[in-house]
Amino acid sequence: MSASEPDLSKIRAAMAAFDPSPRVEPNAMISVEQAFLPEGHRGVLDLRRQLVVGNRGMGKSFWTHALLSKPLRERLAKAYGQRLLSTAEVVVGFNGSDKVSESAPTIDEITNLFAQGKSPDLIWRAVLIRIACKQVPGSTDELLGDVIDGLKTDPNRYSVVLSVADDELVRSKKTLLVVFDALDRFGRDWDSIRSLTRALLSLAVGLQSFRSIRAKIFMRADQFADQELFRFPDSSKIKNDYVELLWRPIDLYGLLLFELLRNDAAREPLKALARRERASDVLPVAGIDTRADPEAQARVINGIAGEFMGTNKKRGRVYTWLPLHLSDAAHTCSPRSFLTAWKKAAEHHPTSAGRAIDHLGLLEGVRLASRNRLEELYEDYPWIKPALEALRRQFVPMEREQLLEIWKNQHVIEAIESNAATEPRYTPVKFTSGNEPSALLSSMRDVGVMEERANGKINVPDIFRVEAEILRKGGVAVPKRTN
C-alpha cells in the first residue's frame, strides 16, 4: 500500500467493532456524540408537526429521548433550522416507563386509572396540567388522581392552567414541548389503548390554540393505520400533517460514514478515501448530514466494498443492492439492520484485495441482519411468527385467495388468539374489528411484512422471506442457515 492510499484495514476493523444500538429504553440519555442528524428527518423535529409515525427500529424512542438533552436540542436547532428547539422546555408525557417521575405517569398508573373508569380525556388533561403547572411560579405538585378528581368539579381548570402557563412561556420566549412515546403500552388490550390514544390525539389538536405549548407524539405504523383512532372532530389537523419516520438510502449511508468517523483509528483513512474519490463533502461534520450527494456517496462506498455484488453489474451495485434487500414492504430499512449487515461483512474472511469488505461478506451480513430484523418484529408483533411459519416452503408472490386459504387451513388465527390469551395487545390492532384472515393480511401490510402488488398478488420482501424459509418464484433456493 502506497503512502497516499488509505489504510482500508482500519476501516474494516472499525466496522467489525460496530455495536448496532439496542432498543432505546425509557429514560435513556442520548449524548451529542451519539446523534446522527440525517437531512431526511428535518420534519420530525418541526414543533408545528405533532404526530410522527414509524415502524419498529426507525428511531421513535431515539428522538423522544434525544429531545430531552439541552445540548443536543441546540445542535438540532442549528442543523435543521428549527429555532424554537434551542429555547424549548421538553418534558416526557409518557414513554412506557415503570419509573415514577414528576411529569410522566407510569404504565401502571395509566392502566389502573383507566380500569377505575377515569375518562381518557381527563387523564391526559391531568397529565398536561401537572406539566404546565411547573411553568407557573408558586404552583404545587399534585397527585395525578387528585387532579383528575378536581377536573370533575372544575372542568375549566385545564383551560385556565394552560392559558396561564402559555402566557408565562410567551413572556419568557420559551416553548413547552411534551413528548409521548410507546403508545402501545397504554393498556393491556387494543380497546383501552385505542381509547387513550384517541383522547391524546384530540387533546394535541386542541393545543394548537396555545402559542407556546405543543405535543410530539411518536406512533407505530400499524396504530396509525387504525382508522378508529381518528374518529374525533378536527382529526385531519393532526392526521394529515403527520411525519413519516424513515431512512432513505442516502441517510443510511450517511449513518455508516458517521459511525466510521466516530472511530479514532478509521477517521483519517476514511477522510483520505473521500479525498481520493473527490467526495469529502459527503462526510457528516459533527453528525450533521446536510450536504450528502448520492453519486459522491456511492464513490466512497465503492472504495470500501467495491462497486458490484460480484464481478460485474449483473448481480447489482452495492450502493443500491444493499438497502433494497434490507427493506420491508414499505421500502424502508432500519438503521440497526443496515449497520448489522456491514458489521457482519467486516467479520468475513478472506476479503478481496484492495477492499475493506467484499460482496461475499455483505451477503453474510444481509442474512444476519434479516434474521435479527425478524426477531425484532416478533417482539413487538408476535402474531407475525405463526403467519409466516404457515408459509414455509410456499412460493411468493401468491394469489390473495391462496394465502387466506393457507392461513385458514393451518388455523393461524386460532394460534394467534391462543398465544395472546394472557396479553391481548399482542394480537393485531385490527383484530378488534373482526378476527378474519383478511384482517391479518391488512395488519401484515401495515407493518411492512407483506405487500399487495398491482396485480393483486401478495409478496413477502426478501428480508423476511429468506429467514422464514419462504420460496420466491423465479428465484434461487433459500440459502442454508449458517448456524
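As a check on your grasp of the helix formula, calculate [θ] at 222 nm for the chain: sum -39500 (n - 2.57) over DSSP H runs of n ≥ 4, divide by the residue count, round to the nearest 500.
Value at 222 nm, helices only, nearest 500: -13500 deg cm²/dmol.
Enumerate the residues in the range 242-283 having an amide nitrogen under 19 Å from the point lying 7 Å beyond the Cα of Gln34 toward its Cβ.
So the set is 255-264.
How much of the accessible area of the range 151-229, in percent, comes from carbon and sulfur atoms when a 1.4 Å probe is used?
Carbon and sulfur together cover 46 percent of it.
List every DSSP H helix in the chain whose Cα atoms extend 30 Å or more along the helix's own long axis and whose mean Kyte-Doolittle hydropathy is at least -1.0.
359-380
Subtract the Cα-Cα distance of Ala353 and Val170 from 0.36 nm times their separation in residues, and report this length gain in nm to one decimal.
59.7 nm
Over the chain, average the accessible area per residue using a 1.4 Å probe and give it in Å², no decimals.
Heavy-atom SASA per residue in the chain reads 44 Å².
Pull up the cross-link candidates among the aspartates and glutamates for Lys239, meaning alpha carbon to alpha carbon under 13 Å and not fewer than 8 places away within one chain.
Excluding near neighbours in sequence, the set is Asp226, Glu228.
Quick one: work out the % antiparallel among DSSP beta bridges in the chain, nearest 5.
Percentage antiparallel, nearest 5: 20.
Summing Lys, Arg as +1 and Asp, Glu as -1, what charge do residues with Cβ under 11 Å from the Cβ of Pro38 carry, Pro38 excluded?
Residues near Pro38 contribute -1 overall.
Run the quick spin-label model on Val160 and Arg48: label points 7 Å from Cα toward the beta carbon, then report their separation in nm to one decimal.
Going from the Val160 label point to the Arg48 one covers 3.3 nm.
Return the aspartates and glutamates within reach of Lys408: Cα separation strictly under 17 angstrom, same-chain partners fewer than 8 residues apart disregarded; answer none if there are no such residues.
In chain and number order, the partners are Glu389, Glu399, Glu417, Glu436.
Using alpha carbons only, what's the Rg to Rh ratio of the chain with Rh from Kirkwood? Kindly include the intermediate steps, with their values, before the conclusion.
Numbers: Rg = 24.3 Å, Rh = 24.3 Å.
We get a ratio of 1.00 for the chain.
Loop only per DSSP, at most 11 neighbouring Cβ atoms within 10 Å: give me the trypsin sites (Lys or Arg not before Pro) in the range 41-91, ordered by residue number. Write out the running numbers ahead of the final one.
Working: sites: Arg42, Arg48, Arg49, Arg56, Lys60, Arg73, Arg75, Lys78, Arg83; in loops: Arg48, Arg49, Arg56.
Sites meeting the loop and neighbour criteria: Arg48.
For the range 217-275, report the translational diffusion coefficient in µm²/s to the nearest whole number, using Stokes-Einstein at 37 °C, 0.692 mPa s, and a Kirkwood Rh over Cα pairs.
Approximately 219 µm²/s, per Stokes-Einstein.
How much net charge surrounds Glu347 when only other residues with a Cβ under 11 Å from its Cβ are counted (Lys, Arg +1; Asp, Glu -1)?
Counting the neighbours of Glu347, the net charge comes to +2.
Evaluate 2.2 N^0.38 Å with N set to the residue count of the range 321-447, then give the Cα radius of gyration divided by it.
Computed over Cα atoms of the range 321-447, the ratio equals 1.28.
For Arg231 and Asn435 in the same chain, what is the full-extension length gain: residue separation times 0.36 nm, less their Cα-Cα distance, in nm? Spell out each step's value before the answer.
Values: separation 204, 0.36 × 204 = 73.44 nm, distance 2.14 nm.
Stretched out fully, the Arg231 to Asn435 stretch lengthens by 71.3 nm.
Can you give the local net charge around Trp190? Use residues other than it whose beta-carbon is closer than 15 angstrom to its beta-carbon, Lys and Arg +1, Asp and Glu -1. Display every interim value, and only then the final one.
Numbers: positive: Arg185, Arg188, Arg194, Arg198, Arg220, Arg231, Arg425, Lys430; negative: Asp184, Asp189, Asp191, Asp222, Asp226, Glu228, Asp380, Glu417, Glu423, Asp446.
Net local charge, Trp190 excluded: -2.
Restricting to lysine pairs 8 or more places apart or on different chains, what number in the range 100-210 have Cα atoms under 29 Å apart?
For the range 100-210, qualifying lysine pairs total 5.
Given labels modelled 7 Å from the Cα in the Cβ direction, how far is it in nm from Ser103 to Ile406?
4.7 nm
Would you list which lysines come within 23 Å of Lys10, measuring only between C-alpha atoms, while excluding same-chain residues fewer than 8 positions from it?
Those lysines meeting the cut-off are Lys271, Lys343, Lys344.
The values are calculated or read from the model by the stated rules, or taken from the named source; none is laboratory data. Keep in mind that what you see is a predicted model, and the values were worked out from it rather than measured. With ideal geometry, Cβ positions are generated from the backbone for all residues, glycine too; neighbour counts draw on all protein chains shown. Note: areas computed on protein heavy atoms with side chains; ligands, DNA, RNA excluded. Shrake-Rupley method; radii C 1.70, N 1.55, O 1.52, S 1.80 Å.
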